[in-house]
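Have a look at the structure below, then the notes.
The values are calculated or read from the model by the stated rules, or taken from the named source; none is laboratory data. None of these values were measured; they are calculated from a predicted model. Every residue, glycine among them, receives a Cβ derived from its backbone with ideal geometry; neighbour counts consider all protein chains shown. Keep in mind that these areas ignore ligands, DNA and RNA; they rest on the heavy atoms of the full protein, side chains included. Shrake-Rupley method; radii C 1.70, N 1.55, O 1.52, S 1.80 Å.
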Amino acid sequence: MADTLTGTGTGTGTGPGPSAPVHEFPMPRAAGCPFDPPPGLSAAQKEGPLAKVRLWDGKDYWLLTRYADQRAVLLDPRVSADITRPGYPLQAPSNGKNNISFILMDDPEHARLRRMVTAPFAIKRVEALRPAVQKIVDDLIDEMLAGPNPVDLVEAFALPVPSLVICALLGVPYDDHDFFQENSKILIKRDSAMEDRMAAHGKLIGYLDELMGEKMAHPGDDLLSGLVARVQSGELTRTDAAQMGVLLLLAGHETTANMIALGTLALLEHPEQLALLRDTDDPKLIASSVEELLRYLSIVHGGRRRAVLADIEVAGQVIRAGEGVIMPNDIANRDPEAFPDPDRLDLTRDARRHVAFGFGVHQCLGQPLARMELQVVYGTLYRRVPGLRLAADIAELPFKHDGSVYGVYELPVTW
């Protein structure tokens, strides 16, 4: 498959013509550009607002690459996040079983279930956790500095930070982190066989179900105990509660861990930007740095996906009911109409309106927690380890090209 799209749009807002070629999705990244979206996405964005892509199922779907169009569609009640709707662009084969997360549902059921886990992620509750997260970060840096040099930053720091935080929040024993990290890797790898996905999912559901049984007898002050209370009151089924627990456990550590490691790599490759962050204690600059790195890296790949319920118009093109749309947030966050000079990493940029967490009613529930963790990490690690540098050539690093969450499997560093 070519790395670029040609002839996919007219550039006039009318979308691809009837003879426009259809290209496979997801698209490959270019060698030597680990932080940039695939060239095919960049070409599609330049050539027109819409393109057509083909998924694993052999079906064609609409690709939206521009920031304003994505935000408009994500707010439109005529599009659905429900994966059972006709035309929904599935990321992988489904076995048809009822194991759908609330993030793949529409309101009112989506809103009903989401409200049950919203409170722990409210900004005030998250801010109250900041001292505890700071201690976790400082303790891990102490251990890293006292241990081997060089070290894999993923194993020693990037993965333990969010894993410890989400385990404490959920009430999950951190001693079991190897188990849930091993199974989560299977779930987020794009090329995992369906039977392997289902086996991993089943193991995690069984694990959370067993843990909920223990909390029924001995509830604690944690999120999982709160879900158990909902089960006991009849508001949730036990299966739904376990499903929500799996979602929060996976999302709570995989995404932030990859942002810590890949963000560190991006900063090491942009030393003038790293110096800004390393030499400041200004919370506003640290916060803006987090937003810019989220925009620049946009690690959740595969695109927000929706099924169209009624005819809609996007940039002059009618998308019919029963068709599907894919909206990659990584290319929307590189739209020059929204972010001038978008391929430049600039920690002083106001990037708060990025779509790294999605947009609309389905935007990421845990974004306040992720932001706070990243602020603590980025505001601490480089200041405490000012000589941090890569211990390998960037070309030798194993990037997660095979996953729906992008990052590095390993990041050897020294100081």
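Table for the structure above
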| quantity | calculated |
| --- | --- |
| All positions within region 237-283 that are among the acidic types (Asp, Glu) and open to solvent by less than 20 Å² (accessible area, probe 1.4 Å) | GLU254 |
| Residue list for region 88-108, restricted to those being open to solvent by 70 Å² or more (accessible area, probe 1.4 Å) and modelled with pLDDT of 95 or more | ASP107, PRO108 |
| Residue within region 297-317 that is among the β-branched types (Val, Ile, Thr), touching a His at 6+ places or on another chain (Cβ under 9 Å) and either more than 30 Å from GLY245 (Cβ to Cβ) or open to solvent by 10 Å² or more (accessible area, probe 1.4 Å) (or both) present | no |
| Filtered residues of region 119-133 (kept if open to solvent by 60 Å² or more (accessible area, probe 1.4 Å) and not hydrophobic (A, V, I, L, M, F, W, C)) | LYS124, ARG125, GLU127, ARG130, PRO131 |
| Enumeration of residues in region 32-87 that are of a type in the set (Asp, Glu), open to solvent by less than 40 Å² (accessible area, probe 1.4 Å) and outside any loop (DSSP other than H, G, I, E, B) | ASP69 |
| Residues of region 146-205 satisfying the condition of being more than 21 Å from VAL117 (Cβ to Cβ), part of a loop (DSSP other than H, G, I, E, B) and among the hydrophobic types (A, V, I, L, M, F, W, C) | LEU159, ALA193 |
| Residue list for region 400-415, filter: in a loop (DSSP other than H, G, I, E, B) and open to solvent by less than 10 Å² (accessible area, probe 1.4 Å) | TYR406, GLY407, LEU411 |
| Failed criterion for LEU345 (all others in (1) open to solvent by less than 10 Å² (accessible area, probe 1.4 Å); (2) more than 23 Å from the chain's Cα centre (by Cα) hold) | (2) |
| So THR4, is it surrounded by fewer than 24 Cβ atoms within 10 Å (Cβ to Cβ), touching a helix residue (DSSP H, G or I) at 6+ places or on another chain (Cβ under 8 Å) and at pLDDT below 85 | yes |
| Enumeration of residues in region 350-399 that are out of contact with any strand residue (DSSP E or B) (no Cβ under 7 Å at 6 or more places or on another chain), open to solvent by 30 Å² or more (accessible area, probe 1.4 Å) and part of a loop (DSSP other than H, G, I, E, B) | ASP350, ARG352, ARG353, PHE359, GLN363, CYS364, PRO386, GLY387, ASP393 |
